[in-house]
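Enquirer: Sharing a structure, written as structure tokens. Questions coming.
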Amino acid sequence: YHAFTGAHLAKALFPESTDEKVFDAITYHTTGRRGMTLCDMLLYLADYIEDTRTFEDCVRLRRYFYDGISKKMTAEERYKHLLSTLLLSFDMTVKNLTDEGAYIDAVTLDAREYIKEELEKHTN
């Protein structure tokens with residue numbers, strides 16, 4: 001619930017800085033969502049791979065992202081790499097939750113499908 005609480009707190013405490021785009025990015029930074037904006041994607045990924053997180057999938061995803069990105073890449077190549085990193089993150093999340101028998105938010109499943117569709121559009 002911290003994503004929803006955080007979004008509402010940001011809006012209440014920083015109304016001049018929390019437009020709809022920022023509010024949505026905070027709201028969906030743990031689940032993703034269909035139609036993720038670049039802002040949504042970057043906040044989701046930043047939260048997932050931030051340096052203080054040490055669980056195995058986080059370390060793996062952080063390594064995947066940083067090892068695969070370079071300043072020499074075109075904007076399109078960077079975007080495709082971002083999408084592939086996000087898809088890997090959703091795959092790992094869904095697998096872990098499934099293995100644990102835990103609830104998987106339908107929003108997360110929909111976000112995964114959206115990222116998969118976006119990646120296919122940019123790969124063909």
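The values are calculated or read from the model by the stated rules, or taken from the named source; none is laboratory data. These numbers come from a predicted model, not from an experiment. FYI the Cβ positions are ideal-geometry reconstructions off the backbone, even for glycines, and counts take in every protein chain you see. Heavy atoms of the whole protein, side chains included, go into the accessibility calculation; ligands, DNA and RNA do not. Shrake-Rupley method; radii C 1.70, N 1.55, O 1.52, S 1.80 Å.
Enquirer: Checking Ser70 against (1) part of a loop (DSSP other than H, G, I, E, B); (2) touching a Gly at 6+ places or on another chain (Cβ under 9 Å); (3) small (Gly, Ala, Ser), only one condition comes out false. Which one?
Expert: (2)
Enquirer: So, one more: Applying the selection to the range 106-124, what residues are open to solvent by 50 Å² or more (accessible area, probe 1.4 Å) and either of a type in the set (Val, Ile, Thr) or in a loop (DSSP other than H, G, I, E, B) (or both)?
Expert: Val107, Thr123, Asn124
Enquirer: Could you check, for the range 73-81, whether at least one of its residues is in a helix (DSSP H, G or I) and open to solvent by less than 50 Å² (accessible area, probe 1.4 Å)?
Expert: Residues of the range 73-81 that are in a helix (DSSP H, G or I), as a first pass: 75-81.
Right, trim to open to solvent by less than 50 Å² (accessible area, probe 1.4 Å) and you get 81.
Yes.
Enquirer: State the number of residues belonging to the range 11-31 that are open to solvent by 20 Å² or more (accessible area, probe 1.4 Å), in contact with a helix residue (DSSP H, G or I) (Cβ under 9 Å, 6 or more places away or on another chain), assigned to a helix (DSSP H, G or I) and not charged (D, E, K, R).
Expert: Residues that pass the stated criteria total 3.
Enquirer: Does Thr30 satisfy being within 21 Å of Gly6 (Cβ to Cβ) and at pLDDT 95 or above? Walk me through it before giving the result.
Expert: On the way: within 21 Å of Gly6 (Cβ to Cβ): yes; at pLDDT 95 or above: no.
Taking the combined requirement at face value, the residue does not satisfy it.
Enquirer: Read through the list (1) within 21 Å of Gly6 (Cβ to Cβ); (2) open to solvent by 30 Å² or more (accessible area, probe 1.4 Å); (3) of a type in the set (D, E, K, R), then give the number of the only condition that Asp40 fails.
Expert: (2)
Enquirer: Take Arg34 and decide whether it is outside any helix (DSSP H, G or I), open to solvent by 60 Å² or more (accessible area, probe 1.4 Å), farther than 27 Å from Asn124 by Cα and of a type in the set (D, E, K, R). Show your work before the answer.
Expert: On the way: outside any helix (DSSP H, G or I): yes; open to solvent by 60 Å² or more (accessible area, probe 1.4 Å): yes; farther than 27 Å from Asn124 by Cα: no; of a type in the set (D, E, K, R): yes.
For Arg34, the condition - outside any helix (DSSP H, G or I), open to solvent by 60 Å² or more (accessible area, probe 1.4 Å), farther than 27 Å from Asn124 by Cα and of a type in the set (D, E, K, R) - is not met.
Enquirer: Also: Just to be sure before I move on: is Leu97 open to solvent by less than 60 Å² (accessible area, probe 1.4 Å), more than 18 Å from Ala7 (Cα to Cα) and in contact (Cβ under 8 Å) with a residue 12 or more places away in the chain in the structure I sent? Break it down into steps so the answer makes sense when it comes.
Expert: Numbers: open to solvent by less than 60 Å² (accessible area, probe 1.4 Å): yes; more than 18 Å from Ala7 (Cα to Cα): yes; in contact (Cβ under 8 Å) with a residue 12 or more places away in the chain: no.
Judged against the criteria, Leu97 is not a match.
Enquirer: Within the range 51-61, can one find any residue that is at positive phi and out of contact with any Pro (no Cβ under 8 Å at 6 or more places or on another chain)? Give the derivation first.
Expert: Residues of the range 51-61 that are at positive phi, as a first pass: none.
The answer is no; no qualifying residue exists.
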